[in-house]
Amino acid sequence: MYTGDMNAALRKHRFIPLPGELQALFDAVSSNFKLAGSAKTENQESTELIAGFQQFLSIQKQLEMANGSADPDISSTEITELGEFGLGLINHLGEVAREQKLVETNIALAAITIGVADWIMTNHGRIVILEPVVDAIAAEANATSDHRTLANMADFMGRVAASCTDVIKHDLGVENPRRPWRLLQVNRGITATRSHSRQTMIRVFDDLVMAIPHEAPAFFTEGMREMDSQNYPDFIREVMHEYYEKHSHPRGH
């Protein structure tokens with residue numbers, strides 16, 4: 001799986017917030033919750049979650065050095081634990097925002113989630129809570145049709161996959177089609193296809209076959225259907241057809 005550092009290229013296309021932008025994004029989220037209503041039960045819950053995530057940002061800021069990386073004395077285990085704390089809070093805030101139908105707030109929370117995941121990975125931590133990260137990247141990918149940005153998103157998803165804990169990578173509960181590990185691989189495959197980048201597709205499809213081998217045939221079968229319905233160019237069809245022939249419709253069967 002992809003393990004290279006794509007931070008500079010990804011940030012150029014602005015779907016990963018810079019570390020210093022997380023506070024401004026979260027300030028906007030906090031204001032939106034305060035404007036959403038008076039002393040309701042869910043508002044009390046959001047107040048507690050906001051206070052918790054502000055604590056996360058404060059700790060993160062204390063760990064940051066001038067070059068934007070965490071203190072080298074902080075272990076990867078501590079980064080993982082802090083990241084799990086932050087992602088868990090953001091995940092719960094997203095649930096509250098959906099209950100209150102705060103659409104703009106959820107968009108900001110998706111950006112924050114991506115920023116936190118990037119910070120974890122940049123500082124050699126592991127992704128423990130995958131679902132909000134998968135949902136956030138999917139929302140960002142669905143909001144763009146720029147080929148280069150989509151290719152960068154596919155590479156970012158590869159970094160996420162490589163940074164997941166071994167428990168997640170073992171892909172337990174294969175009977176659940178909504179499990180985050182499967183969704184990450186499938187969404188990455190779709191994003192790579194939409195990027196119209198042959199190299200990205202090949203890299204991502206190879207990873208997909210390794211990550212969810214039993215479900216790869218169905219992915220490429222559906223991919224061939226999409227080639228016609230979405231009118232993809234011939235060079236993209238050729239890549240999809242190659243993997244379809246190899247994994248979904250092997251010769252001799």
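The values are calculated or read from the model by the stated rules, or taken from the named source; none is laboratory data. Computed from a predicted structure; not experimentally measured. Methodologically, a virtual Cβ is constructed for each residue, glycine included, from the backbone with ideal geometry; neighbour enumeration extends over all protein chains shown.
Every condition in (1) at pLDDT below 85; (2) surrounded by 13 or more Cβ atoms within 10 Å (Cβ to Cβ); (3) over 18 Å from the mean Cα position of the chain (by Cα) holds for Gln55 except the one numbered (1). Among helices (runs of 4 or more DSSP H) entirely within region 76-166, having at least 3 residues that are touching a strand residue (DSSP E or B) at 6+ places or on another chain (Cβ under 7 Å), among the acidic types (Asp, Glu) and assigned by TED's automatic domain parsing to the domain that holds Met201 singles out no element at all.
For residues in region 84-104 being within 18 Å of the chain's Cα centre (by Cα) and within 20 Å of Ala24 (Cβ to Cβ), which is surrounded by the fewest Cβ atoms within 10 Å (Cβ to Cβ)? Taking the candidates together, the pick is Leu89.
Residue pairs whose Cβ atoms lie under 6 Å apart, separated by 6 or more positions or on different chains, with the first residue in region 105-129 and within 15 Å of Phe26 (Cα to Cα) and the second in a loop (DSSP other than H, G, I, E, B), are Ala111/Pro17; Ile114/Ile16; Gly115/Pro17.
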